Amino acid sequence: MKTVAKWGFYIILIILFRMVNDYVPRDIDSELLPYVESFEKWTGTKLQGRYYSIKFARQYPGVAAVALGMNNDDAVIVRVDPIIWARLSKQQRSWLVYHELAHDVHNSIHDTSFLMNRSIPVFLTDQILEAAKDQYLITLRNGTNKI
Ligand SMILES: [Zn+2]
């Protein structure tokens, strides 16, 4: 009985350690979460790193969003301007979150694909967005997202 209790204790410890190990703090505004999950899905990238903070915050005039965790693989930190966000279409919102996560998660740089253009496309349809995703995946596969 004593041995069983001891093993039970060890098993509980192992489970607890595994939970701590698997636990990744995700501080993501609920309105942004579906876009983040969509990015993870179509890029096949589980956001890696130790800290995730994807939230709304006012930016300098004309700045729609920033990827503060770019080139820091321990953190994914994105801030989206709520005033600009409110004026965007669903496709533009997707484009913006994908763009910032591409910077932050993959260290992608500007002008390497349509998704990595500096400004939010004025005209964007589901079809254009799908093509932009496909094109981005090719740059990711070839490593040209960083050159
Ligand atoms: Zn950018």
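Listing for the model above:
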| read-out | value |
| --- | --- |
| Total residues in the stretch 42-67, condition more than 12 Å from the chain's Cα centre (by Cα) and over 30 Å from residue 127 (Cβ atoms) | 5 |
| Odd one out for residue 47, checked against (1) at pLDDT 85 or above; (2) within 24 Å of residue 137 (Cβ to Cβ) | (1) |
| Residue in the stretch 133-143 that is touching a residue at least 40 places away in the same chain (Cβ under 8 Å) and over 21 Å from residue 33 (Cβ atoms) present | yes |
| Residue under evaluation residue 123, criteria (1) in a loop (DSSP other than H, G, I, E, B); (2) among the aromatic types (Phe, Trp, Tyr); (3) surrounded by 15 or more Cβ atoms within 10 Å (Cβ to Cβ), criterion not met | (3) |
| Any pair with Cβ under 8 angstrom, 6 or more apart, that starts in the stretch 56-71 at a residue that is farther than 20 Å from residue 108 by Cβ and modelled with pLDDT of 95 or more and ends at one that is of a type in the set (A, V, I, L, M, F, W, C) and part of a loop (DSSP other than H, G, I, E, B) | 56/32 |
| Residue satisfying all of: in the stretch 126-147; among the β-branched types (Val, Ile, Thr) and in a helix (DSSP H, G or I); surrounded by the most Cβ atoms within 10 Å (Cβ to Cβ) among these | 139 |
| Qualifying residues in the stretch 74-113 (those that are assigned to a loop (DSSP other than H, G, I, E, B) and over 17 Å from residue 43 (Cα atoms)) - the one nearest to the ligand (Cβ to nearest atom) | 110 |
| Given (1) surrounded by 13 or more Cβ atoms within 10 Å (Cβ to Cβ); (2) in contact (Cβ under 8 Å) with a residue 12 or more places away in the chain, index of the condition residue 40 fails | (2) |
| Filter result for residue 66 (touching a His at 6+ places or on another chain (Cβ under 9 Å), more than 22 Å from residue 144 (Cα to Cα), within 12 Å of the ligand (Cβ to nearest atom) and aliphatic (A, V, I, L, M)) | no |
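The values are calculated or read from the model by the stated rules, or taken from the named source; none is laboratory data. Keep in mind that what you see is a predicted model, and the values were worked out from it rather than measured. Every residue, glycine among them, receives a Cβ derived from its backbone with ideal geometry; neighbour counts consider all protein chains shown.
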